[in-house]
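Report on one structure; see the data block that follows.
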């Protein structure tokens with residue numbers, strides 16, 4: 001993998017896309033995880049103004065600390081980067097008081113957290129005339145659809161959307177992302193019990209990458225171990241169930257005969 005050339009390619013495409021849009025720079029939500037750390041660093045390397053938003057909602061101190069550590073690191077190395085902490089917990093608490101209790105199941109409120117962050121990112125982006133940059137990778141966004149529709153899926157551009165998770169880590173090491181982030185268990189930070197991505201999905205990212213490759217190459221399943229078959233089943237189930245997130249919004253076309 002030619003990490004340096006990939007970095008240069010993404011940075012150049014980000015800069016060109018921003019110029020074509022006639023905007024000033026980028027807004028990135030920072031979680032303390034590898035994906036947002038890599039994405040924000042790539043944005044910073046464009047030389048354009050970059051806003052980093054840390055948006056805790058009942059977040060653990062560890063997650064908040066990792067996000068702030070990364071923001072300070074980028075601010076120190078890039079003069080055009082500015083980190084902002086916007087605590088959304090009071091806003092979320094207001095929604096908890098407003099929503100009927102019977103709809104406040106775990107998944108509904110986890111997705112609501114993500115959508116609140118999307119609204120916040122676009123508020124800053126609109127005011128500062130910037131692009132909202134997504135942090136999803138290929139496994140999450142195109143493989144299993146592990147993102148919130150109109151939440152973290154509501155963005156203007158996905159710099160690492162064509163990179164597998166293992167490739168994101170390789171890029172992160174090349175960029176000099178701190179070890180505490182490189183070694184942190186991936187989590188979306190949307191659940192009160194701080195569950196990891198892999199515990200939610202039921203498979204590791206490495207296993208999912210192998211399943212994606214297997215499906216793409218249509219290899220015979222009799223070569224797989226029992227665990228590999230289990231992961232392949234997980235991948236296929238999630239890929240099918242979340243197609244509505246990955247595909248364009250369907251339009252119901254009206255036949256000419258009805259007009």
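The values are calculated or read from the model by the stated rules, or taken from the named source; none is laboratory data. Since the model is a prediction, treat every value here as computed from it, not as a measurement. Cβ: placed from backbone, ideal geometry, glycine included. Neighbour counts: every protein chain shown.
Being closer than 14 Å to residue 27 by Cα, modelled with pLDDT of 95 or more and in contact with a helix residue (DSSP H, G or I) (Cβ under 9 Å, 6 or more places away or on another chain) narrows it down to one of 54, 137, 77, so name that one. Lay out the reasoning, then the answer.
Numbers: 137 fails: closer than 14 Å to residue 27 by Cα; 77 fails: closer than 14 Å to residue 27 by Cα.
Going through 54, 137, 77 in turn, the sole match is 54.
Of the residues making up region 129-161, those that are assigned to a loop (DSSP other than H, G, I, E, B), crowded, with 20+ Cβ neighbours inside 10 Å and touching a strand residue (DSSP E or B) at 6+ places or on another chain (Cβ under 8 Å) are 134, 135, 152, 155, 159.
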